[in-house]
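Please treat every number below as a calculation from the coordinates, not as lab data. Since the model is a prediction, treat every value here as computed from it, not as a measurement. Please note: Cβ atoms are built from the backbone with ideal geometry, for glycine as well, and neighbour counts cover all protein chains shown.
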Amino acid sequence: MILSSNGDARERLLARLLDAFEGALPSPEVSLREIATRTETSHALLRYHFGSLPGVLAAMLKAQRSRDNESLLEAARDGTFDDLVLAIWRAYTRPEQLSRIRGFFHVVGLAAYRPEEFREFIDSLDDLTKVLASLAEREGFEAGEALTLATVTVAAMRGLLLQEVLTPGALSEDAVALILRMGKERSVP
C-alpha cells in the first residue's frame with residue numbers, strides 16, 4: 001500500500017473544500033466544524049492542514065484565484081492591457097463573486113496583522129500585476145513604468161472592489177474606464 005504525502009492529502013482536501021462551496025467562499029462567521037460537516041471531513045483534519053479558519057479561507061482563495069488567473073491569462077495572450085483590465089473587472093464583479101470578494105478583504109486584513117502566517121497567500125497577490133506589466137511593455141512602456149502602471153491599476157481595481165463590497169451597486173465600468181484613461185495619459189515612447 002502506497003501512502004500519499006501530506007501535500008497530496010492537503011490538495012485533495014482543498015479540492016473537496018472548493019467543490020463543497022461551488023466556487024464561493026465560506027463566511028468567516030462559520031466554524032471549522034460547520035465547514036468540516038459540509039465537506040464530510042473532520043475539523044481536526046482541517047486544522048491539521050490549514051491551521052485555522054483563516055488558513056482555510058486563504059488556501060481556498062489562493063486556489064480560486066489561481067483558477068481564475070488561468071482563464072484570464074488565456075484571454076491576455078492575444079489581448080491588450082485594457083482588454084485584460086476589463087476582463088479582470090468583469091470576472092470579479094459578477095454577483096456570484098461577492099462572497100469571494102468579501103473573503104478576500106477579510107483575509108487581506110488578517111494578513112496585514114500576521115503576514116508570516118499568510119506568506120503563501122501574500123506571495124500570490126502579484127500574479128496579475130506581472131501579466132499586466134508584461135502587456136504594458138508589449139504596448140511600448142519601459143519595464144519600470146509598465147510595472148508601476150500595472151501596480152497602480154491593480155490597486156485601484158482592488159479599491160473599487162472594496163467600495164463595491166461596502167456600497168453595493170455604487171460602481172460601474174465607468175470607474176475602470178477612468179483608470180484606463182489615466183494610464184493612457186502617461187507618456188508612451
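Note on the chain: Kirkwood hydrodynamic radius from all Cα pairs is 18.0 Å, rounded to one decimal.
Once the Cα atoms of helix 6-20 and of the chain are each reduced to a long axis, what angle between those two axes, in degrees from 0 to 90 to the nearest 10, is obtained? The helix 6-20 is inclined about 80 degrees to the chain.
Would you work out the relative contact order for the stretch 53-184, in percent, from Cα pairs under 8 angstrom that are 6 or more residues apart? Walk me through the numbers on the way to the answer.
Details: 88 pairs, mean separation 34.9, N = 132.
Relative contact order comes out at 26 percent.
Is it possible to state the helix-based mean residue ellipticity at 222 nm for the chain, with each DSSP H run of 4+ residues giving -39500 (n - 2.57), the sum divided by total residues, to the nearest 500 deg cm²/dmol? What is it? Dividing the helical sum by the residues of the chain leaves -23000 deg cm²/dmol. Distance between the 7 Å Cα→Cβ label points at ARG12 and LEU166: 4.4 nm. Helix 127-138: angle to the longest alpha-carbon principal axis of the chain, degrees 0 to 90, nearest 10? Approximately 20 degrees, to the nearest ten. What do you get for the angle between helix 173-184 and the principal long axis of the chain? Use alpha-carbon atoms, 0 to 90 degrees, nearest ten. Around 60 degrees separate the two axes.
Panel order for PHE81, PHE105, PHE21, by other beta carbons found within 10 Å of each beta carbon, from fewest to most: PHE105, PHE21, PHE81.
Computed from point charges on the beta carbon alone (+1 for Lys and Arg, -1 for Asp and Glu), the dipole magnitude for the stretch 3-75 about its Cα centre is near 280 Debye.
Once you order the gyration tensor axes a ≥ b ≥ c over the Cα atoms, which shape class does the stretch 78-150 get: rounded for a/c under 1.5, otherwise prolate or oblate by comparing a/b with b/c? Working shown, then result.
Values: a/c = 3.48, a/b = 1.45, b/c = 2.41.
It comes out oblate by the Cα gyration axes.
Subtract the Cα-Cα distance of ASP19 and ARG94 from 0.36 nm times their separation in residues, and report this length gain in nm to one decimal.
Values: separation 75, 0.36 × 75 = 27.00 nm, distance 1.93 nm.
Stretched out fully, the ASP19 to ARG94 stretch lengthens by 25.1 nm.
3J(HN,Hα) along the stretch 83-90, derived from phi through the Karplus expression 6.51 cos²θ - 1.76 cosθ + 1.60 where θ = phi - 60°, amounts to 4, 5, 4, 5, 5, 4, 4, 5 Hz, with x in place of Gly and Pro.
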